[in-house]
Amino acid sequence: MKMTNQRGFSLIELLVVIVLIGIIGTISTQVFILGFRSQGKSEILKEVKQNGDYAMSVVESFVRNASDIPRSSCNTNSNSFSIIAADGFTTTFVCSNAVIASQSSGFPIPTPTITSPLTGSKVEVSSCTFRVVCPTPPLAPKYVFINFRISQAGSGLPVDQTASLDYQSTVSLRKYY
C-alpha cells in the first residue's frame, strides 16, 4: 500500500471559500452603505427641524408679547400678518419666496424696513398661511393660527435623501382689551 502525501486544497474547497468571502463582503458593503445613507438622512432631517423650530419659536414669541394686532389682519387667511410690539413698532411676518421672514419698521426715523429671514437657504417653506382671529366682542385675546410645511431645498434628489415637516400652532396675545 502506497501512501501519497496530499498537500493543498481541492478545487471544491477553494470555490466554497471564495463564495463565502463574496457573500460576507457583499453583506458588509450593504451595511456600510445603509449606515452612510441613514446618517445623511438624519443630517437633512436635523437641518429641516432646526429651521422649522426656530421660525415657529420666533413667531410665537413675538405674537405672545405683542401689544396688539391691527384689525385689518383679522379673520382672513393670508401669507402675512402684522403685530404691534410693546414698544409701538410694527413687525410683519411674511411667507414668500420659499422663506418665512420678519420685517420690522418704525426705528430709526426715517423708517427703513429691515427684513430678516427666519429660515435658512438649505430649506424651503411651502403651504404657509396665517389666520388672525379677533373675537367679537373682545372678551378674549386675539390669536393666530400658524401653518407651514418646511422641506429640504433643491429638487431632483432621491426620495430617501429628502425630508419635510409640517408645523401648526395656535398662539394668543397675552394682553387684550
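The values are calculated or read from the model by the stated rules, or taken from the named source; none is laboratory data. Here the structure is a predicted model, which means the values were calculated and not measured. Neighbour counts are summed over all protein chains in view; Cβ atoms, including those assigned to glycine, are modelled from backbone coordinates with ideal geometry. Quick note on the areas: whole protein, heavy atoms, side chains included, nothing else; ligands and nucleic acids left out. Shrake-Rupley method; radii C 1.70, N 1.55, O 1.52, S 1.80 Å.
Just the Cα atoms of the chain, one point each, no solvent: what log10 I(q)/I(0) does Debye give at q = 0.12, 0.13, 0.17, 0.20 Å⁻¹? Once normalised to I(0) and log-transformed, intensities are -0.68, -0.75, -1.04, -1.26.
By the beta carbon rule, with partners counted only under 4.7 Å, the chain holds no lone Cys residue at all. Calculate how steeply helix 11-65 sits against the longest principal axis of the alpha-carbon atoms of the chain, using the helix alpha-carbon long axis, and give the answer as 0 to 90 degrees to the nearest 10. On a 0 to 90 degree scale, this one is about 10. The accessible surface of the chain, taken with every protein chain in place and a 1.4 Å probe, is 60 percent carbon and sulfur. Here Arg149 sits with roughly 80 square angstrom of accessible surface, probe radius 1.4 Å.
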